[in-house]
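First comes the structure, then the notes that go with it.
Every read-out reported here was derived from the displayed coordinates using simple, explicitly stated rules and does not represent laboratory data. None of these values were measured; they are calculated from a predicted model. No Cβ is skipped: glycine too gets one built from the backbone with ideal geometry, and neighbour counts run over all protein chains shown.
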Amino acid sequence: MATSPYVVNVATLLGRPGAMEELTLEFAVPERIGEGMLYLDAGTQLTIELRIEILVDGVLATAQCTSTLVGECSRCLQPLKQEWSGQITELFGLDEQDESLDYFVRNDEIDLEGPLRDTLVLELPFQPLCKEDCLGLSPNDGTPLVEPLPEVEAEVDPRWAKLQELLGSDALADDSREK
């Protein structure tokens with residue numbers, strides 16, 4: 001049975017409150033994380049600087065995670081790469097009956113995949129941009145814009161044109177009465 005690269009064995013530390021261990025995990029992400037326009041792709045290198053501390057009621061895992069996100073700009077659809085760094089702090093409970101915790105020590109192991117997914121997905125931008133002032137694509141031919149489109153005066157619906165004329169003439173009459 002293949003084990004997940006996110007799983008860390010804590011058997012040597014359990015039962016010793018106050019024990020601590022630091023380790024570095026480096027591996028290729030086995031499957032894509034994130035469903036938006038920016039995500040951590042399968043095969044991307046992930047580094048986790050992990051600190052495990054044993055408490056009386058669980059295992060505290062603190063980790064600094066770094067990797068490279070890939071995707072596309074939400075305006076111009078150009079390929080996008082962005083460095084990512086995230087912090088995980090999670091208490092893994094020893095008693096699975098404890099409803100206040102989300103993650104638990106199982107078979108003397110902690111699984112960092114859930115906390116990593118939670119952290120990463122919450123930090124992903126909803127609409128990533130290749131650069132802050134990206135103008136997007138031309139509506140005419142779909143090429144990337146290099147300068148903003150000129151402002152176009154809105155056309156008045158012909159059904160409202162007469163009303164526009166009446167409002168325009170009344171507005172002028174009101175201005176002349178005020179003087």
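Within the listed set Gly58, Gly142, Gly36, the Gaussian network model of the chain (springs between alpha-carbon atoms below 10 Å) gives the highest mean-square fluctuation for Gly142. Within the chain, the proportion of C-alpha pairs whose separation exceeds 24 Å stands at 59%.
When the alpha carbon gyration tensor of region 1-98 is reduced to an equivalent ellipsoid, its three semi-axes come out at 33, 13, 13 angstrom, largest first. Once the cut-off is 18 Å, how many percent of the Cα-Cα pairs in region 77-176 end up in the long-distance tail? Counting pairs separated by more than 18 Å, the tail of P(r) holds 73 percent. The dipole here belongs to the chain: it is taken about the Cα centre, uses +1 on the Cβ of Lys and Arg and -1 on the Cβ of Asp and Glu, and is about 340 debye. Multiplying the residue separation of Arg117 and Asn140 by 0.36 nm and removing their Cα-Cα distance gives an extension gain of 4.4 nm. Taking a virtual spin label 7 Å from the Cα of Leu101 along the C-beta vector, which residues in region 11-36 bring their backbone nitrogen under 15 Å of it? Once the point is set 7 Å along Cα→Cβ of Leu101, 11, 13-19 turn out to lie under 15 Å by backbone N, inside region 11-36. Once the Cα atoms of helix 161-178 and of the chain are each reduced to a long axis, what angle between those two axes, in degrees from 0 to 90 to the nearest 10, is obtained? The answer is roughly 80 degrees.
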